[in-house]
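Read through the structure below, which is laid out as structure tokens, and then see the notes.
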Amino acid sequence: MASRVGLLLAPSSSLARNPPRARLPYPLPSHHLGRPTYRRFASSAPLRSPLWWPRQAPPLFSARAMSGSAGSPPYAAELAAAKKAVALAARLCQTVQQEILQSDIQSKADKSPVTVADYGSQVLVSLALNMEVTSGSFSMVAEEDSEDLRKDSAEEILEHITDLVNETLAEDGSYNITLSKEGILSAIDTGKSEGGPSGRHWVLDPIDGTKGFLRGGQYAIALALLDEGKVVLGVLGCPNLPLASISNLNGSSCGDQMGALFSATVGCGAEVESLEGSPPQKISVCTIDNPVNASFFESYEGAHTMHDLTGSIAEKLGVQAPPVRIDSQAKYGALARGDGAIYLRFPHKGYKEKIWDHAAGAIVVTEAGGVVTDASGNDLDFSKGRFLDVDTGIIATNKQLMPSLLKSVQEAIKEKSQAPSPL
């Protein structure tokens, strides 16, 4: 496994042309701020603030404005920082996925490349948020921790994660900083927060849709912010989702530009732009009110949702179009801009939904004018820690369709529960 990763993520020619920079430990404890601090290179420009000020404004998304400043919308600085963080992580993920596809590794049992991308994405998001949002303590609820990477058997994988993160930082040019292996591990562990109803907590899924990532399909970098238990902003980076609307049932588009960045702030609506930073465009859910004309999204993988149940729901509702099956929270983004009318997610019995699988996507849909609930019509509650307490499944649609959708969902669930169990 390690040898495969070594071939896959060997340093590129760009690294050979650019001599490696000295690695510094990161993050350094900062008990005063309750957040990690960052060191810079001795050769960089004079520091404007001790230890962890970035050397220049980010090239794509500037987050220097403080949240709540006069004339700015709420959470403006946090939203800009989240966009920057997700775009940076997406760059790393795209690099790894291209190498996976070129190596035909998606057909192998070896999942180490997606592991490298998962960890690397989390490191870059942690770094960018800490560099950009300079006020208050830092708390992040994220999918990964460093336990497995601290084992002796993971030394080579850790080395490749470190190289890939530093290569991405060098190519981006926003931060004049290089991370050591211990710094990588520390950055990953900033995601150990349990969240909860008090304070602010970032919520991250560094790669949502790992199977889609491996096969070259849809995946998302999903980042949200909780404030006193409520989701107040969300960003979805979808590198393989067309910037234009999906035009056919396999999730592709006739448009040439790939890579969509969805964002939403509470009370401010939802937008989409390219991952390269094109002008944001306001988006809204579709206005379809007749289920016959509706289409619905569901998970690509049968292991992630009960396709028999969603088929029954669609039949009761009168939906005639076949389901659009794509991986990850890209479904939330596509729904928010009106590519489809309904999203159904019904995991198999015993599965517990994690907050990072829905926080960013849910606010993008609701700020685009949609509704997201569980199967009983309850709003999703992200204030109870790392898991969601939901009834049976999660549904999303526009306000016009929700009453009839909810009725069909509850009828289908009741029928399924009363059906005789197969022998």
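The values are calculated or read from the model by the stated rules, or taken from the named source; none is laboratory data. What you are looking at is a predicted structure, and each value in this text was computed from that prediction instead of being measured. Don't worry about glycine lacking a Cβ; one is built from the backbone with ideal geometry, like all the others, and counts go over all protein chains shown. For the accessible areas, the whole protein counts, side chains as well, though only heavy atoms, and no ligand, DNA or RNA atoms are used. Shrake-Rupley method; radii C 1.70, N 1.55, O 1.52, S 1.80 Å.
Data table
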{"read-out": "Modelled FRET efficiency - R0 35 Å, GLU276 with GLU315, Cβ distances, 0.05 increments", "value": "0.25"}
{"read-out": "Mean-position separation - Cα centroids, segment 75-103 and segment 185-209, in angstrom", "value": "16 Å"}
{"read-out": "Solution diffusion estimate, µm²/s, Stokes-Einstein, segment 291-418, Kirkwood Rh from C-alpha pairs, 4 °C, viscosity 1.567 mPa s", "value": "90 µm²/s"}
{"read-out": "Loop-located GluC sites (Glu not before Pro) in segment 184-292, at most 14 other Cβ atoms within 10 Å (DSSP)", "value": "GLU194, GLU228, GLU276"}
{"read-out": "Distance between modelled label sites at ASP289 and GLU415, nm, 7 Å Cα→Cβ extension", "value": "2.7 nm"}
{"read-out": "Unsatisfied cross-links (Cα-Cα over 29 Å) in the set LYS230/LYS349; LYS282/LYS352; LYS83/LYS181; LYS211/LYS407; LYS230/LYS416", "value": "LYS282/LYS352; LYS211/LYS407; LYS230/LYS416"}
{"read-out": "Computed label-point distance, nm, for sites SER180 and GLN98 using a 7 Å Cα→Cβ extension", "value": "3.2 nm"}
{"read-out": "Computed over segment 291-418: relative contact order in percent, which uses C-alpha pairs under 8 Å that are six or more apart", "value": "28 percent"}
{"read-out": "Linear extension gain, ASP308 paired with SER376, 0.36 nm per residue minus alpha-carbon span", "value": "22.6 nm"}
{"read-out": "For CYS286, solvent-accessible area (1.4 Å; no DNA, RNA or ligand), Å²", "value": "20 Å²"}
{"read-out": "Interchain or long-range residues, amide H under 5 Å from SER328's placed H", "value": "TYR300"}
{"read-out": "Filtered GluC sites (Glu not before Pro), segment 117-155: DSSP coil and at most 14 other beta carbons within 10 Å", "value": "GLU147"}
{"read-out": "Sparsely packed trypsin sites (Lys or Arg not before Pro) within segment 143-188, loop by DSSP, other Cβ within 10 Å at most 16", "value": "LYS151"}
